[in-house]
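Data block below; observations after.
No value in this document is a laboratory result; all are computed from the given coordinates. Source: prediction; values computed, not measured. Positions of Cβ are backbone-derived with ideal geometry, glycine not excepted, and every protein chain shown enters the neighbour counts.
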Amino acid sequence: MSALTDLLDRAERVYRDWRFTTVKEWKARTGGLAVGYMPVWVPREVLHAQGVLPVGVMGAGDDLEIIRGDAYYQSYICHIPRSTIELALNGSLDCLDGMLFPATCDVIRNLSGIWKLTFADKLVRYYDTPQDFDPARGGAFVRKDLEELSEDLARRGARPLTAAALRRSVEAYNENRRLVRGLYDLRRDAPWKVPTYELYVLLRAGMVLPVEESSAMLASYRAAVEADTSRRPMDQARVVLSGSFCEQPPLGLLKTLERSGCYIVDDDLAQVHRWIRSDVPLEGDPLDALVAASLHDAIPHPTRWSEGEKKGEDLVERVRRSRAGGVLFAAPSFCDPALLDQPMAVAAIERAGIPWTAFKYAENGGQFQVIREQAGTFADSIKLWSAA
Ligand code: SF4
């Protein structure tokens, strides 16, 4: 087995392990706390600085049958809250000392309430992203929120937060973000070298493993694919995958899209790695720097207010930058933030003359034939008519 295959096997095992074995092993080894977080973004640096392992909880994918979780939510809404409750009720999340729920939508707000009622002994925080980005208001609000979170963690046995430790953690995550950005750039320039399903399992493993281990994995992967001369370009259409920022598509769906003739050259998957677009400055107060980056250097997003047509313009810019021939809008079924923004995004890319198509998915969907035909036809149409 090659080193690359070994690496990807390990990443996929971590990604598929809804029992969080590596988290349990880490806790047994270090005696530290582990705190889960849901999509899209939380300040993992603060947890890391206090010796706490941040653990991305992205639902159960297509590997777990939902039985009790269905009783907590309406049957028609998205799948991720139900599979997350199922994981909690079957004991898979017992290793987590707390959960952070970023403010993405009402579903997640309600999930944080369910958590408070059902798991009263755990730390539960609703991480409320402000929609006012003025440092004196939104910035002060986030800073206070983070200070309270760090005090809560310290009360549960984590190390107190210090500026020196936070600066080191910011540095570790800056390095990790640089490696992720580098792989996105490499995939954009040579998508045959970096298939999306490979990149994706590495990103997902990086949401569970310590950041240092994730960075080592990303660097090894990059070295391995750059040295691999057997990966050759194919006649595929370049597309941007938009809307998959919370509940994630099954791995089989990502493979299907690539096998149908698409090269995914930009996407919204596992966005915690790319929420902050550039390095967080290491000068000055690191908590202020982290707060400022999360407000002013964050990607335009359906869960954040943006002025005017900024989100649509950002999507058009991403298509241009990645030299994509079209956009695949792929959102989870009943995902309010993704589907409410979609008409504005469609209007923006239509104005720019960019082809698009749209479909919905569930994390546990297993039938991809219709999507394969749709994506394949879309890829053919881009290749036939965009070049004409
Ligand atoms: S998939 Fe969409 S609607 Fe469902 S929890 Fe996530 S953001 Fe909310």
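Spin-label model, LEU89 to ASP121: label points 7 Å out along the Cα-to-beta-carbon direction sit 2.0 nm apart. Working from label points 7 Å from Cα in the Cα-to-Cβ sense, the ALA3 to GLU226 distance is 1.3 nm. Once C-alpha pairs closer than 8 Å and six or more residues apart are averaged by separation and normalised to the residue number of the stretch 175-221, the relative contact order reads 44 percent. Please report the relative contact order for the chain, taking Cα pairs under 8 Å with a sequence separation of at least 6, and give it as a percent rounded to a whole number. Computed value for the chain: 20 percent relative contact order. Under the combined filter of DSSP loop state and at most 12 neighbouring Cβ atoms within 10 Å, the stretch 1-99 retains these trypsin sites (Lys or Arg not before Pro): ARG68. The residues ILE108, ILE264, when put in order of fewest to most other Cβ atoms within 10 Å, stand as ILE108, ILE264.
Starting with the fewest neighbours, write out VAL124, VAL46 ranked by other beta-carbon atoms found within 10 Å of each beta-carbon.
The fewest-first ordering by Cβ neighbours comes to VAL124, VAL46.
Only lysine pairs 8 or more places apart or on separate chains count here, and in the chain those with Cα atoms under 25 Å apart total 13. For LEU123, the residues whose amide H sits under 5 Å from its own are GLY98, MET99, ignoring neighbours fewer than 5 places away on the same chain, with H placed 1.01 Å from N. Neighbour counts of C-beta atoms inside 10 Å place GLU247, GLU198, GLU350 in the sequence GLU350, GLU198, GLU247, starting with the fewest.
Taking the C-alpha atoms only, the angle from helix 163-189 to the longest principal axis of the chain is near 10 degrees. When peptides 86-92, 286-292 are ranked by their average number of other Cβ atoms within 10 Å per residue, the highest-first order is 286-292, 86-92. In plain terms, the chain from ARG168 to LEU340 could stretch by 58.0 nm, reckoned as 0.36 nm per residue minus the Cα-Cα distance. Between helix 196-205 and the chain there is an angle of about 0 degrees, using the helix long axis and the longest principal axis of the Cα atoms.
Hey, what number do you get for the chain at 222 nm if only DSSP H runs of n ≥ 4 count, each worth -39500 (n - 2.57), divided across all residues, to the nearest 500?
So the calculated ellipticity at 222 nm is -15000 deg cm²/dmol.
Classification of the stretch 20-162 by its C-alpha gyration tensor yields an oblate form. The axis ratio a/c (a ≥ b ≥ c) is 1.5 or more, and b/c is at least a/b. Relative to the present Cα-Cα distance, how much length would full extension add between ARG351 and THR21 at 0.36 nm per residue of separation? My answer for the length gained is 114.0 nm. Around the amide H of TYR37, modelled in the peptide plane, lie the amide H atoms of VAL55, GLY56, VAL57, LEU100, all under 5 Å away and 5 or more residues distant in sequence or on another chain.
Sequentially through the stretch 13-20, phi angles give Karplus couplings (6.51, -1.76, 1.60; θ = phi - 60°) of 5, 5, 4, 7, 7, 6, 8, 6 Hz, Gly and Pro residues having no value and appearing as x. Note that the stretch 235-243 has calculated 3J(HN,Hα) couplings of 7, 10, 8, 7, 9, 9, 9, 10, x Hz, one per residue in order, obtained from phi through the Karplus relation 6.51 cos²θ - 1.76 cosθ + 1.60 (θ = phi - 60°); glycine and proline are x. Computed from Cα positions, the angle between helix 310-321 and the longest principal axis of the chain comes to roughly 60 degrees. Each Lys or Arg adds one and each Asp or Glu subtracts one; over the other residues with Cβ under 11 Å from the Cβ of ARG320, this totals -1.
Along the Cα-to-Cβ line of ASP380, 7 Å from the Cα, sits a label point; which residues in the stretch 230-248 have backbone N less than 17 Å from it? It comes to 235-238, nothing else. Residues whose amide H comes within less than 5 Å of that of TYR361, counting only those at least five positions distant or on another chain, are ALA331, SER333 (H built at 1.01 Å from N in the peptide plane).
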